[in-house]
Protein chains: 2
Amino acid sequence: MVATSEIEEGLTLLPKFDADGLVTAVATDAATGELLMVAHMNEEALAKTIASGEAHYFSRSRRKLWRKGEESGHTQRVIEMRVDCDQDAVWLRVEQKGPGACHTGRKSCFYRAVPLGQTGEAALEFREADKAFDPASAYRKD
Amino acid sequence: MVATSEIEEGLTLLPKFDADGLVTAVATDAATGELLMVAHMNEEALAKTIASGEAHYFSRSRRKLWRKGEESGHTQRVIEMRVDCDQDAVWLRVEQKGPGACHTGRKSCFYRAVPLGQTGEAALEFREADKAFDPASAYRKD
């Protein structure tokens with residue numbers, strides 16, 4: 001058992017993987033601060049990202065490691081990587097190559113707003129309705 | 001079973017809670033784009049955040065809903081809320097009240113960098129070593 005002070009104030013990466021062996025990975029655009037995507041990394045994805053400076057994630061649905069952009073060409077070069085206090089999340093400030101990070105064809109996965117002040121079933125509003133690229137041609141169907 | 005097109009392209013919030021009943025919530029500083037924290041919301045935290053415009057989370061360690069800042073006074077007013085493509089994560093652009101969001105006493109939970117190009121056990125570097133406030137006086141010990 002590692003002491004909390006070592007995790008929170010230490011100078012060693014001691015990732016706290018969850019029951020599925022994953023940490024949360026948040027990617028923002030290094031230039032604009034826009035949140036591009038939230039994904040997950042297993043130990044291998046984390047190590048490969050640190051070693052190479054190219055974002056690697058672990059797909060929970062496909063149960064496999066994936067280098068971001070390996071199909072679409074829309075890779076992410078990591079400008080800076082940070083870890084949070086309890087080391088169960090990392091922040092990647094990235095340079096997003098190509099038109100976008102989202103598999104729906106948009107720059108960011110967060111293309112819809114949730115207006116505040118609503119109660120009950122919430123209505124959404126598009127902030128980025130148009131697609132920056134055609135997902136059907138960018139991604140192979142497995 | 002809701003169709004993928006309805007989740008990804010629809011105008012209704014259909015949050016995809018995980019096995020623990022949670023979605024991931026990412027809070028960034030609305031003015032600077034800095035990532036402040038990554039936390040979780042259950043259905044009630046999500047509904048209260050939307051209704052009130054004040055960030056509410058669900059603490060996994062304490063198993064309870066919590067209004068951010070209820071102890072420390074360091075509340076978060078939500079300027080804009082967004083949801084991602086598959087609706088398992090929300091992004092809060094917030095105005096952070098007080099000196100910081102992190103329970104360690106810093107503005108952001110992401111106060112350490114993971115230098116790139118390393119292999120094996122990774123060394124960290126502080127980016128925000130000094131504490132913006134004294135956590136011992138800001139937080140009650142339960």
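Worth pointing out:
- Any hit, segment A:123-138, residues being surrounded by 15 or more Cβ atoms within 10 Å (Cβ to Cβ), in contact with an Asp or Glu (Cβ under 6 Å, 6 or more places away or on another chain) and in a loop (DSSP other than H, G, I, E, B): no
- Only residues that are in contact (Cβ under 8 Å) with a residue 24 or more places away in the chain and small (G, A, S) were counted in segment A:40-59, giving 2.
- Of all the criteria given as (1) under 14 Å from the mean Cα position of the chain (by Cα); (2) of a type in the set (A, V, I, L, M); (3) within 24 Å of A:F126 (Cβ to Cβ), the one not satisfied by B:A47 is (1).
- Taking each residue of segment A:72-99 that is surrounded by 24 or more Cβ atoms within 10 Å (Cβ to Cβ) and looking for partners that are at pLDDT 95 or above and basic (K, R) with beta-carbon atoms closer than 6 Å, six or more apart or interchain, yields A:Q76/A:K68; A:V83/B:R112; A:W91/A:R82.
- Scanning segment B:100-122 for residues that are at the interface with chain A (Cβ under 8 Å from one of its Cβ atoms), buried (at least 16 other Cβ atoms within 10 Å of the Cβ) and not basic (K, R) gives B:C102, B:H103, B:T104, B:C109, B:F110, B:Y111, B:A113, B:V114, B:L116, B:A122.
- Count of residues meeting criterion [surrounded by fewer than 22 Cβ atoms within 10 Å (Cβ to Cβ) and in contact (Cβ under 8 Å) with a residue 24 or more places away in the chain] in segment A:22-34: 6
- Some residue of segment A:3-10 being without any contact (Cβ under 8 Å) to a residue 24 or more places away in the chain, more than 11 Å from every other protein chain (Cβ to nearest Cβ) and buried (at least 21 other Cβ atoms within 10 Å of the Cβ): no
- When A:A129, A:A138, A:A89 are checked against the criterion of being more than 10 Å from chain B (Cβ to nearest Cβ) and either out of contact with any Leu (no Cβ under 7 Å at 6 or more places or on another chain) or of a type in the set (S, T, Y) (or both), a single residue qualifies: A:A138.
- Hits in segment A:58-86 (condition: farther than 30 Å from B:K131 by Cα and within 14 Å of another protein chain (Cβ to nearest Cβ)): A:S59, A:R60, A:S61, A:R62, A:Q76, A:R77
The values are calculated or read from the model by the stated rules, or taken from the named source; none is laboratory data. Quantities reported herein were computed from a predicted structural model and do not represent experimental measurements. A quick note on method: Cβ atoms are made from the backbone with ideal geometry, for glycine too, and the neighbour counts reach across all protein chains shown.
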